[in-house]
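Single-structure report; data block below.
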Amino acid sequence: MKILFFGDSNTWGYNAKDASRQPNRFTQLVKKAFWEHEIIEEGLCGRTLCLDDPYDADRNGAKMISMVLKTHAPIDVVFIMLGTNDAKRQFSTNSISLEKGIRTLMYRALNPENYRDGSKLPKFFVVCPPKMNVDGLKNERTASNFGQAGFGILANTKPYLEKGCSGLNVEVIDTSAVAGSLDGIHMDEKGHKLVADALISVIKEL
(Lines give C-alpha, C1' and ligand atoms only; values in the text may rest on other atoms or scores of the structure.)
Protein backbone atom coordinates (compact mmCIF):
# COMPACT_ATOMS: atom_id res chain seq x y z
CA MET A 1 0.00 0.00 0.00
CA LYS A 2 1.24 3.48 -0.89
CA ILE A 3 0.39 6.20 1.66
CA LEU A 4 0.91 9.92 1.00
CA PHE A 5 1.14 12.58 3.72
CA PHE A 6 0.48 16.08 2.34
CA GLY A 7 1.03 18.90 4.79
CA ASP A 8 3.07 21.81 6.06
CA SER A 9 5.98 22.21 8.48
CA ASN A 10 4.42 19.86 11.02
CA THR A 11 4.40 17.13 8.37
CA TRP A 12 7.95 18.09 7.41
CA GLY A 13 8.87 17.75 11.10
CA TYR A 14 10.07 21.26 11.91
CA ASN A 15 11.78 21.42 15.29
CA ALA A 16 11.12 24.74 17.04
CA LYS A 17 14.30 24.34 19.11
CA ASP A 18 16.75 24.74 16.25
CA ALA A 19 14.83 24.62 12.93
CA SER A 20 16.12 21.09 12.29
CA ARG A 21 13.97 18.20 11.10
CA GLN A 22 12.67 15.98 13.88
CA PRO A 23 13.68 12.35 13.33
CA ASN A 24 10.67 11.14 15.32
CA ARG A 25 8.11 13.10 13.29
CA PHE A 26 4.74 11.39 12.96
CA THR A 27 5.32 10.27 9.37
CA GLN A 28 8.46 8.39 10.41
CA LEU A 29 6.64 6.78 13.34
CA VAL A 30 3.96 5.59 10.92
CA LYS A 31 6.70 4.29 8.64
CA LYS A 32 8.17 2.25 11.50
CA ALA A 33 4.76 0.76 12.24
CA PHE A 34 4.12 -0.11 8.59
CA TRP A 35 7.56 -0.87 7.20
CA GLU A 36 6.01 -3.03 4.48
CA HIS A 37 4.09 -0.06 3.02
CA GLU A 38 5.47 2.82 0.96
CA ILE A 39 5.29 6.07 2.96
CA ILE A 40 5.57 9.33 1.02
CA GLU A 41 6.31 12.56 2.90
CA GLU A 42 5.13 15.72 1.14
CA GLY A 43 5.54 18.31 3.89
CA LEU A 44 6.39 21.88 2.93
CA CYS A 45 7.00 24.60 5.50
CA GLY A 46 4.49 27.41 5.09
CA ARG A 47 2.02 25.47 2.92
CA THR A 48 -1.58 26.70 3.02
CA LEU A 49 -4.84 25.10 2.00
CA CYS A 50 -5.44 27.38 -0.98
CA LEU A 51 -3.96 30.80 -0.23
CA ASP A 52 -1.18 32.43 -2.22
CA ASP A 53 1.74 33.42 -0.04
CA PRO A 54 3.26 36.59 -1.54
CA TYR A 55 6.71 35.37 -0.49
CA ASP A 56 6.53 31.87 -2.03
CA ALA A 57 3.94 30.90 -4.64
CA ASP A 58 4.71 27.19 -4.23
CA ARG A 59 3.08 27.17 -0.80
CA ASN A 60 -0.49 27.09 -2.14
CA GLY A 61 -1.62 23.53 -1.41
CA ALA A 62 -4.59 23.59 -3.79
CA LYS A 63 -2.33 24.53 -6.69
CA MET A 64 0.18 21.79 -5.89
CA ILE A 65 -2.01 18.83 -4.90
CA SER A 66 -2.70 17.63 -8.46
CA MET A 67 0.97 17.66 -9.36
CA VAL A 68 1.87 15.72 -6.21
CA LEU A 69 -0.84 13.12 -6.81
CA LYS A 70 0.29 12.62 -10.39
CA THR A 71 3.94 12.45 -9.38
CA HIS A 72 3.40 9.59 -6.96
CA ALA A 73 0.56 7.77 -8.73
CA PRO A 74 -0.86 5.31 -8.10
CA ILE A 75 -1.60 6.13 -4.46
CA ASP A 76 -3.84 4.16 -2.11
CA VAL A 77 -4.30 6.54 0.84
CA VAL A 78 -3.79 10.28 1.29
CA PHE A 79 -3.65 12.15 4.61
CA ILE A 80 -3.93 15.94 4.33
CA MET A 81 -2.99 18.02 7.38
CA LEU A 82 -3.13 21.73 6.62
CA GLY A 83 -4.68 24.89 8.04
CA THR A 84 -2.10 26.25 10.45
CA ASN A 85 -0.60 28.74 8.01
CA ASP A 86 -4.05 29.84 6.85
CA ALA A 87 -4.52 31.31 10.34
CA LYS A 88 -1.70 33.82 9.87
CA ARG A 89 -2.66 37.46 10.25
CA GLN A 90 -1.25 38.33 6.82
CA PHE A 91 -4.13 36.46 5.17
CA SER A 92 -6.92 38.18 7.19
CA THR A 93 -8.80 34.89 7.43
CA ASN A 94 -11.32 33.38 9.85
CA SER A 95 -12.60 29.91 10.67
CA ILE A 96 -14.87 29.81 7.63
CA SER A 97 -11.73 30.21 5.52
CA LEU A 98 -10.79 26.67 6.58
CA GLU A 99 -14.11 25.37 5.28
CA LYS A 100 -13.68 27.09 1.93
CA GLY A 101 -9.99 26.27 1.76
CA ILE A 102 -10.29 22.53 2.29
CA ARG A 103 -13.16 22.34 -0.18
CA THR A 104 -11.11 24.15 -2.82
CA LEU A 105 -8.18 21.80 -2.23
CA MET A 106 -10.34 18.66 -2.24
CA TYR A 107 -12.04 19.64 -5.50
CA ARG A 108 -8.58 19.80 -7.07
CA ALA A 109 -7.55 16.50 -5.45
CA LEU A 110 -10.68 14.66 -6.59
CA ASN A 111 -10.59 15.99 -10.14
CA PRO A 112 -10.95 12.98 -12.50
CA GLU A 113 -8.23 14.49 -14.71
CA ASN A 114 -5.72 13.44 -12.05
CA TYR A 115 -6.58 9.80 -12.67
CA ARG A 116 -7.12 9.60 -16.42
CA ASP A 117 -4.01 7.41 -16.71
CA GLY A 118 -6.08 4.66 -15.12
CA SER A 119 -4.97 5.24 -11.52
CA LYS A 120 -7.68 4.59 -8.98
CA LEU A 121 -8.99 7.32 -6.69
CA PRO A 122 -7.13 7.17 -3.35
CA LYS A 123 -8.91 7.13 -0.01
CA PHE A 124 -8.60 10.65 1.40
CA PHE A 125 -8.45 11.67 5.06
CA VAL A 126 -8.23 15.23 6.37
CA VAL A 127 -6.37 15.60 9.65
CA CYS A 128 -7.05 18.63 11.85
CA PRO A 129 -3.92 20.73 12.34
CA PRO A 130 -2.60 20.84 15.91
CA LYS A 131 -4.15 23.42 18.16
CA MET A 132 -1.92 26.37 18.99
CA ASN A 133 -0.28 26.25 22.40
CA VAL A 134 -1.23 29.37 24.34
CA ASP A 135 2.36 29.65 25.55
CA GLY A 136 3.29 30.37 21.96
CA LEU A 137 1.72 33.80 22.21
CA LYS A 138 4.66 34.70 24.46
CA ASN A 139 6.88 34.12 21.43
CA GLU A 140 7.28 37.44 19.64
CA ARG A 141 7.38 35.91 16.16
CA THR A 142 4.33 33.71 16.75
CA ALA A 143 2.36 36.54 18.31
CA SER A 144 3.17 38.74 15.33
CA ASN A 145 2.32 36.08 12.74
CA PHE A 146 -0.83 34.66 14.32
CA GLY A 147 -2.03 36.81 17.21
CA GLN A 148 -5.04 35.94 19.35
CA ALA A 149 -7.21 35.61 16.24
CA GLY A 150 -5.00 32.87 14.83
CA PHE A 151 -5.08 31.07 18.16
CA GLY A 152 -8.88 31.18 18.03
CA ILE A 153 -9.05 29.79 14.50
CA LEU A 154 -6.83 26.81 15.34
CA ALA A 155 -8.63 26.06 18.60
CA ASN A 156 -11.63 24.50 16.84
CA THR A 157 -10.98 23.43 13.26
CA LYS A 158 -12.89 20.15 12.94
CA PRO A 159 -16.45 21.47 12.34
CA TYR A 160 -15.23 23.81 9.61
CA LEU A 161 -13.10 21.16 7.92
CA GLU A 162 -16.00 18.71 8.13
CA LYS A 163 -18.39 21.16 6.54
CA GLY A 164 -15.88 21.81 3.77
CA CYS A 165 -15.61 18.06 3.14
CA SER A 166 -19.36 17.35 3.32
CA GLY A 167 -20.59 15.19 0.47
CA LEU A 168 -17.07 14.31 -0.67
CA ASN A 169 -16.66 10.97 1.16
CA VAL A 170 -13.69 12.35 3.06
CA GLU A 171 -13.29 11.62 6.78
CA VAL A 172 -11.95 14.36 9.06
CA ILE A 173 -9.75 13.18 11.95
CA ASP A 174 -9.11 15.22 15.09
CA THR A 175 -6.09 13.78 16.89
CA SER A 176 -6.41 16.35 19.73
CA ALA A 177 -2.77 17.25 19.19
CA VAL A 178 -1.52 20.54 20.63
CA ALA A 179 1.64 22.27 19.42
CA GLY A 180 4.66 22.58 21.67
CA SER A 181 5.24 25.51 23.99
CA LEU A 182 8.39 26.90 22.35
CA ASP A 183 6.64 28.65 19.49
CA GLY A 184 3.09 27.42 19.95
CA ILE A 185 2.59 26.20 16.37
CA HIS A 186 5.02 23.31 15.83
CA MET A 187 4.53 19.97 17.52
CA ASP A 188 7.14 18.51 19.83
CA GLU A 189 7.78 14.77 20.12
CA LYS A 190 4.70 14.31 22.30
CA GLY A 191 2.48 15.87 19.66
CA HIS A 192 4.00 13.83 16.85
CA LYS A 193 3.48 10.64 18.87
CA LEU A 194 -0.18 11.54 19.42
CA VAL A 195 -0.78 12.14 15.72
CA ALA A 196 1.10 8.97 14.75
CA ASP A 197 -0.90 6.80 17.14
CA ALA A 198 -4.18 8.16 15.81
CA LEU A 199 -3.23 7.62 12.16
CA ILE A 200 -1.76 4.18 12.83
CA SER A 201 -5.15 3.16 14.21
CA VAL A 202 -6.87 4.45 11.07
CA ILE A 203 -4.45 2.65 8.73
CA LYS A 204 -4.89 -0.63 10.59
CA GLU A 205 -8.61 -0.53 9.78
CA LEU A 206 -8.08 -0.04 6.05
Filter result (in contact with a helix residue (DSSP H, G or I) (Cβ under 6 Å, 6 or more places away or on another chain) and in a strand (DSSP E or B)) within the range 44-59: 48, 53
Qualifying residue in the range 17-30 (condition: acidic (Asp, Glu) and in contact with a helix residue (DSSP H, G or I) (Cβ under 9 Å, 6 or more places away or on another chain)): no
Among the candidates 143, 155, 109, residue that is crowded, with 20+ Cβ neighbours inside 10 Å and at negative phi: 109
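A quick yes/no check of all residues on (1) within 14 Å of residue 164 (Cβ to Cβ); (2) hydroxyl-bearing (Ser, Thr, Tyr); (3) modelled with pLDDT of 95 or more; (4) part of a helix (DSSP H, G or I):
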site	(1), (2), (3), (4)
42	no, no, yes, no
78	no, no, yes, no
105	yes, no, yes, yes
119	no, yes, no, no
129	yes, no, yes, no
Near pairs, Cβ below 7 angstrom, 6+ apart or cross-chain, from the range 137-163 (within 25 Å of residue 105 (Cβ to Cβ)) to any residue that is β-branched (Val, Ile, Thr) and loosely packed, with under 13 Cβ neighbours inside 10 Å: 160/96
Selection from the range 159-206 of residues that are farther than 23 Å from residue 14 by Cα and part of a helix (DSSP H, G or I): 159, 160, 161, 162, 163, 164, 165, 201, 202, 203, 204
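The values are calculated or read from the model by the stated rules, or taken from the named source; none is laboratory data. All of these numbers come straight from a predicted model, not from anything done at the bench. In this analysis, Cβ positions are derived from the backbone assuming ideal geometry, glycine residues included, and neighbour counts consider all displayed protein chains.
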